[in-house]
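Encoded as structure tokens, the structure appears first; notes follow it.
The values are calculated or read from the model by the stated rules, or taken from the named source; none is laboratory data. Bear in mind the structure is a predicted one, so any value in this text is a computation, not a measurement. Virtual Cβ from ideal backbone geometry, glycine too; neighbours counted across all protein chains shown.
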């Protein structure tokens, strides 16, 4: 292949692998505070579609990212379909004079779901029960958990077995949640060490119960929760960089796994044999390193397209 023809080929690839959205991402500022925002998420003018909008609030120090235009704080985004947010606990509290203070917690997601595999519904208290209600694809869901311990020494510390702390799994596809906390006897017999019931959904691997949670969880204490995200419509977001595989656990949608994004151009983490790389490199030694990446990525894409015909129709696409 001549140099001019190959250069034209590279220019063509550059146009093919541009993101599906028409925004010019070279003008986008990816970081918000300490978090880098990867495409398809982005700020105004830089996201794939409205559900992937991130709002960066500069009134915090450092600035903090929020999902769309809500008060849902985003703490991490992965390109493997996971988004971590910060949540607070619903509560049901009584002081020693019997005065009540309570708060519920409500979360509505519309396009994303609360991850079943990463989170658990958690209730903390010794005179306590709480309900988790919500919807799964417009179907109502409701469940609950209770925790009872009449004395401090009966608390099963470092465990959520139901004595001081209770946990249950949540279902697949939960796209909204409404959490309410209650007490059986207004914490009357346990108020000296447990004045409140607390209830929340939390990322299981990042939560360890301890006695301190029975005494007080402030209304500013945040807990991590993981959401599942995917692109629910056509595969144009991936363009020619689409590799299909059978999804686990009947998950539907498209995972956008952009290995590298360079000034608006999406490229693949190419997996080509060493011999193929050597042959391609010999042909493009006059090109820049970035152009070489495009050509190698195109070669990988052609190999993917040959394998794609063998994959079942229901699939997730990784690009």
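Could you check the stretch 192-225 and list, in sequence order, the residues that are outside any strand (DSSP E or B) and surrounded by 20 or more Cβ atoms within 10 Å (Cβ to Cβ)?
The answer is 194, 195, 209, 213, 214.
Of all residues in the stretch 159-172, which are in contact (Cβ under 8 Å) with a residue 40 or more places away in the chain and either over 18 Å from residue 203 (Cβ atoms) or over 27 Å from the mean Cα position of the chain (by Cα) (or both)?
Step one: of the stretch 159-172, the residues in contact (Cβ under 8 Å) with a residue 40 or more places away in the chain are 159-160, 164-172.
Scanning the stretch 159-172 gives a single hit, 164.
Going by what's in this entry, would residue 91 be described as surrounded by fewer than 20 Cβ atoms within 10 Å (Cβ to Cβ) and either touching a residue at least 12 places away in the same chain (Cβ under 8 Å) or in contact with a helix residue (DSSP H, G or I) (Cβ under 9 Å, 6 or more places away or on another chain) (or both)? Step through it out loud before you land on a result.
Working: surrounded by fewer than 20 Cβ atoms within 10 Å (Cβ to Cβ): no; either touching a residue at least 12 places away in the same chain (Cβ under 8 Å) or in contact with a helix residue (DSSP H, G or I) (Cβ under 9 Å, 6 or more places away or on another chain) (or both): yes.
Taking the combined requirement at face value, the residue does not satisfy it.
Just for the stretch 118-147: of the residues that are in contact (Cβ under 8 Å) with a residue 60 or more places away in the chain and assigned to a loop (DSSP other than H, G, I, E, B), which one is farthest from residue 165 (Cα to Cα)?
Across the stretch 118-147, the extreme among qualifying residues is 118.
Give just the number: which of (1) under 19 Å from residue 228 (Cα atoms); (2) assigned by TED's automatic domain parsing to the domain that holds residue 46 does residue 119 not satisfy?
Tallying (1) under 19 Å from residue 228 (Cα atoms); (2) assigned by TED's automatic domain parsing to the domain that holds residue 46, residue 119 fails exactly one: (2).
Identify, please: which residue in the stretch 114-131 is over 16 Å from residue 198 (Cα atoms) and surrounded by fewer than 22 Cβ atoms within 10 Å (Cβ to Cβ) and is, among those, nearest to the chain's Cα centre (by Cα)?
118
One line per residue, one yes/no per condition, for (1) touching a strand residue (DSSP E or B) at 6+ places or on another chain (Cβ under 8 Å); (2) over 19 Å from residue 216 (Cβ atoms):
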{"residue": "120", "(1), (2)": "yes, yes"}
{"residue": "124", "(1), (2)": "yes, no"}
{"residue": "130", "(1), (2)": "yes, no"}
{"residue": "140", "(1), (2)": "yes, yes"}
{"residue": "147", "(1), (2)": "yes, no"}
{"residue": "153", "(1), (2)": "no, yes"}
{"residue": "159", "(1), (2)": "yes, yes"}
{"residue": "166", "(1), (2)": "yes, no"}
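Could you run through the stretch 96-112 and say how many residues are farther than 20 Å from residue 69 by Cβ and touching a strand residue (DSSP E or B) at 6+ places or on another chain (Cβ under 6 Å)? Break it down into steps so the answer makes sense when it comes.
From the stretch 96-112, those farther than 20 Å from residue 69 by Cβ are 96-104; that's our starting set.
Next cut, touching a strand residue (DSSP E or B) at 6+ places or on another chain (Cβ under 6 Å) only: 100-104.
Going through the stretch 96-112 one residue at a time, the tally reaches 5.
Regarding residue 40, is this residue part of a loop (DSSP other than H, G, I, E, B) and either at pLDDT 95 or above or in contact with a helix residue (DSSP H, G or I) (Cβ under 7 Å, 6 or more places away or on another chain) (or both)? Spell out the reasoning first.
Details: part of a loop (DSSP other than H, G, I, E, B): yes; either at pLDDT 95 or above or in contact with a helix residue (DSSP H, G or I) (Cβ under 7 Å, 6 or more places away or on another chain) (or both): yes.
Spelling it out, residue 40 is indeed part of a loop (DSSP other than H, G, I, E, B) and either at pLDDT 95 or above or in contact with a helix residue (DSSP H, G or I) (Cβ under 7 Å, 6 or more places away or on another chain) (or both).
Look at the stretch 98-117 and say how many of its residues are closer than 20 Å to residue 217 by Cα and part of a loop (DSSP other than H, G, I, E, B). Steps first, please.
Step one: filter the stretch 98-117 for residues closer than 20 Å to residue 217 by Cα, giving 98-107.
Narrowing further to those that are part of a loop (DSSP other than H, G, I, E, B): 98-99, 104.
Here the count works out to 3.
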